[in-house]
Every structure is written in C-alpha cells, then in structure tokens.
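Asker: The following block contains the structure, expressed as structure tokens.
The values are calculated or read from the model by the stated rules, or taken from the named source; none is laboratory data. Keep in mind that this is a model prediction, so the values were computed, not measured. Here the Cβ positions follow ideal geometry from the backbone for every residue, glycine too, while neighbour counts run over all protein chains shown. Accessible surface areas use protein heavy atoms only, side chains included; no ligands, DNA or RNA. Shrake-Rupley method; radii C 1.70, N 1.55, O 1.52, S 1.80 Å.
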Amino acid sequence: MLSIPSIRDRVVQGALKLIVEPIFESDFQPGSFGYRPKRTAHQAVTRVAEAISRWQTRVIDVDLKAYLDGVRHAVLLAKVAKRIDDDDVLHLLKLILKGSGKRGVPQGGVISPALSNLYLNAVDRMLERSKEVTRDGKYVNLEYARFADDVVILIDAHPKHDSLLKAVWS
C-alpha cells in the first residue's frame, strides 16, 4: 500500500533535505542527473547525444527501479554517517526510513531523491572508474548518464572494443 507523506512529514523532510543535500552534492559524479540542483533530464540527453556523436553507439539501458525499493537502511545510514556527524540528523533520518518499512526509501518523500542519489553514487563511481580504465589517451571509449534509477551506458562501436561489453557486466 502506498502511503502519502503528511504535510508535517513533507516539511520535516524538506528541512532535512536543505541540510544534507549540499553535503552529498559535492560527492556526486558528473554522470548523475536525476533530481539534483542545476541538473536536468535535457543535460542527460545531451550527454548521451554527445557520446553517440563520438561513435559510442553500443547502448546498454539499465533500469534500477526495484533496486531502490530494496535499499538497506543500515547501508544508507552508514553512507550518511560518513559525511554527517550529527546524531540528531541521523536519528531523524532513521525515523523517516523506518516509516517506509524495513527496506527502501519513502515513496514520494521529499528527501527520497537525495537519499537515492547517495545510495546509487557507488554505481556512478564504478562507471567513472570504468571510463578511466577504458580511456585511450584523450579518447573515452565508455560514457554513461544516470537519471534517478535509469542508467544508459554507451560503448565505443569499434570492433576492437568488443571486450568493453563484457567489462561493463563484470
């Protein structure tokens, strides 16, 4: 059953988001676009279009929808605690997460996109490392764009880069 946050819950989450989002934002990767300040879906599409113009035309489309429903609260809170040393903030986040059930982030919660981006930042970091590992001088053989729980990975189409397809999945 989908629960809709009350006005009070939305105000509390909004205030908490104002505190934590700027801290998390400094850690987020350049390929992440969903629900971030000064980031848009159009910028994600532009990133994909530019990669295609550089012959990165093999496309892997990844949908992580159910992934966010399975967010483990302890893991998420540990990620928050690495950057925020405030017991009151952590306690409040724990209460917000507890209200959404045993796993996942609150559906429709004001703070949910920021928490989801924090949780998925590890995926973005892995993709950034993959870009660097597959770089050939100034040429990038792999690009990605993530908007919320949708990820597009683009790989160079040259046959000598067939191994990149396997590398993305390993």
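Asker: Take SER112 and decide whether it is crowded, with 18+ Cβ neighbours inside 10 Å and over 22 Å from GLU21 (Cβ atoms).
Answerer: Spelling it out, it is not the case that SER112 is crowded, with 18+ Cβ neighbours inside 10 Å and over 22 Å from GLU21 (Cβ atoms).
Asker: Scan the stretch 33-55 and give yes if some residue there is under 26 Å from LEU18 (Cβ atoms) and among the aromatic types (Phe, Trp, Tyr), otherwise no.
Answerer: yes
Asker: Moving on. I'm told VAL152 meets every condition in (1) among the aliphatic types (A, V, I, L, M); (2) open to solvent by 30 Å² or more (accessible area, probe 1.4 Å); (3) in a helix (DSSP H, G or I); (4) modelled with pLDDT of 90 or more except one. Can you identify the failing condition by its number?
Answerer: Every listed condition holds for VAL152 apart from (3).
Asker: Still on this structure: Run down TYR119, TYR139 and say which single residue is open to solvent by 40 Å² or more (accessible area, probe 1.4 Å) and hydroxyl-bearing (Ser, Thr, Tyr).
Answerer: TYR139
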